[in-house]
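The values are calculated or read from the model by the stated rules, or taken from the named source; none is laboratory data. Given the structure is predicted, the values throughout are model-derived calculations rather than measurements. No Cβ is skipped: glycine too gets one built from the backbone with ideal geometry, and neighbour counts run over all protein chains shown. Note: areas computed on protein heavy atoms with side chains; ligands, DNA, RNA excluded. Shrake-Rupley method; radii C 1.70, N 1.55, O 1.52, S 1.80 Å.
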Amino acid sequence: MRRLMRASLVAGVLLGGLCLPGKVLAEPLLAAIVPTDLPRYKEAHKALTQILETGGFGAGRLKIMVQAPNADKMSIVNSARRADSAGAAIIVVYGSRAAQALTGEQIKAAILFADVYDPVALGIVKSLTTTGAEVTGASSKTDLDSLVGHMLKVTGAKTIGVLYAKDEGGGELQLAELKARSSITVRAESVRNAGEAVAVAEKLAGQCDALYLAESIAVMQQGAAIIKAALAQKRPVFSQIPGLVKAGALLGLEADPDEQGKLVGVHALQILQGQQAHSLPVRTAKKVALMINPATAAQLGLTIPPDVMSAGQAVK
């Protein structure tokens, strides 16, 4: 009974007083798929486990299987099938790549996703309120148009280079959003793997005024090295990928990975208490910050306008 009360308390705090039903699965298994063990996904998963522990599903109450497969679709699908065969009640996936990989797969477990750019546009769910299947989660979509506006104020860039991956839907959506802006010219290069990401970025940086890093596993793996290469050519970098501004990017509009994990953690508690994933709406990011790197601006000889600085948060 005490464990159920704690679970209800966690959900109530995060979701505005929501009460959970009393049915609890006996010693359930939750499986987590963390592609390539990326730091942003690991941070979200840590937050999820903290919510579960606070809700009474810590060690001895819930089995957790963590897999860190390669980012290709087959590796992700095989990890999900392995978890499903093991009897997982819930499979948690991190990132757009993993969530898309499982779309249409015959999985018995409820699927929860975190840190997915736009799950509706990617075809993962029908809508944010009605998912259409036993799948739900948290979206990390932020306002790219706003980020571009701030970047243009700071840099005056006319040509934007976009580094993305053709087979990753989140980055493709971001590229399409940038191409829709008539005020800029977009040049794009796709990367096939992390090994070629820096070289492709160096080539692209020589053809543009600023570099945008789209959501891509390969780009995220080489983010710091890509930024260093771009700055060597005096090209500012901006992105929506968490952590890149601290690594030297000029601007970023970042959804907090910790919040993503907490939102999905509450969904997990609700399912463990007996609710169905299809009845739970997709949660959207609330903790979103415009991150600014003044040191990078100084290195590039740029001045951050007061209105941009007041809208953002400087990193040290």
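For V34, enumerate residues with amide H under 5 Å from its amide H, sequence gap 5+ or separate chain, H modeled in the peptide plane.
The list, which skips near neighbours in sequence, is Q67, A68.
Please report, as a whole percent, how much of the solvent-accessible surface of the chain comes from carbon and sulfur atoms (probe radius 1.4 Å). Don't jump to the answer; show the numbers that get you there.
Values: 6790 of 13230 Å².
After summing per-atom areas, the C and S share lands at 51 percent.
So how long is each side of the chain along the principal axes, counting just the alpha-carbon atoms, biggest first, in Å?
In descending order, the Cα extents are 61, 40, 32 Å.
Putting +1 on Lys and Arg Cβ atoms and -1 on Asp and Glu Cβ atoms, find which of I227, Q240, G261 reaches farthest to the positive end of the dipole of the stretch 223-272.
Farthest towards the positive pole: I227.
Can you pull out the trypsin sites (Lys or Arg not before Pro) in the stretch 160-253 whose DSSP state is coil and whose Cβ has at most 13 other Cβ atoms within 10 Å?
Working: sites: K166, K179, R181, R187, R192, K203, K228, K234, K246; in loops: K166, R181, R192, K234, K246.
When the trypsin sites (Lys or Arg not before Pro) of the stretch 160-253 are filtered for loop state and at most 13 Cβ neighbours within 10 Å, K166, R192, K234 remain.
Ignoring ligands, DNA and RNA, how do E105, E202, E259 rank by accessible area with a 1.4 Å probe, largest first? All intermediate terms of the calculation are to be shown ahead of the outcome.
Working: E105 55, E202 90, E259 20 Å².
Largest accessible area first, the list is E202, E105, E259.
With a 1.4 Å probe and all protein chains kept in place, how much accessible area does I217 have, in Å² rounded to the nearest 10?
Around 10 Å² of this residue is reachable by solvent.
Summing +1 for each Lys or Arg and -1 for each Asp or Glu, what net charge is found among the other residues whose Cβ lies under 11 Å from the Cβ of Y117?
-4
Counting Lys and Arg as +1 and Asp and Glu as -1, what is the net charge of the other residues whose Cβ lies under 13 Å from the Cβ of A295? Walk me through the intermediate numbers first.
Values: positive: K246, K316; negative: none.
Net local charge, A295 excluded: +2.
If the only charges are +1 at each Lys and Arg Cβ and -1 at each Asp and Glu Cβ, what is the size of the charge dipole of the chain around the Cα centre, to the nearest 20 debye? Intermediate values should be presented prior to the final figure.
Numbers: 33 positive and 26 negative charges, 91 e Å.
Rounded to the nearest 20 debye, it is 440 debye.
Excluding ligands, DNA and RNA, what is the solvent-accessible area per residue of the chain at a probe of 1.4 Å, expressed in Å²?
Per residue, the chain has 42 Å² of solvent-accessible surface.
Lys and Arg at +1, Asp and Glu at -1: add these up for the other residues within a Cβ distance under 12 Å of A101 and post the number. Walk me through the numbers before you get to the answer.
On the way: positive: K73, R81, R97; negative: D72, E105, D167, E168.
Net local charge, A101 excluded: -1.
Which cross-chain or sequence-distant (5 or more) residues have an amide H under 5 Å from the amide H of A210, H modelled 1.01 Å from N in plane?
Here the answer is T159, G161, since their amide H atoms fall under 5 Å of that of A210.
Starting from the stretch 21-122, pick out the trypsin sites (Lys or Arg not before Pro) whose DSSP state is loop and whose Cβ has at most 13 other Cβ atoms within 10 Å.
Working: sites: K23, R40, K42, K46, R61, K63, K73, R81, R82, R97, K108; in loops: K23, R61, K108.
Hits after loop and neighbour filter: K23, K108.
Compare the Cα positions of A133, L102, L122 along the charge dipole of the stretch 66-153 (+1 at Cβ of Lys, Arg; -1 at Cβ of Asp, Glu; about the Cα centre) and return the one farthest towards the positive end.
Ranked along the dipole, the leading option is L102.
Which percentage, to the nearest 5, of the DSSP beta bridges contained in the chain is antiparallel? Before the final figure, lay out each step's value.
On the way: 5 of 42 bridges.
Antiparallel: roughly 10 percent of the beta bridges in the chain.
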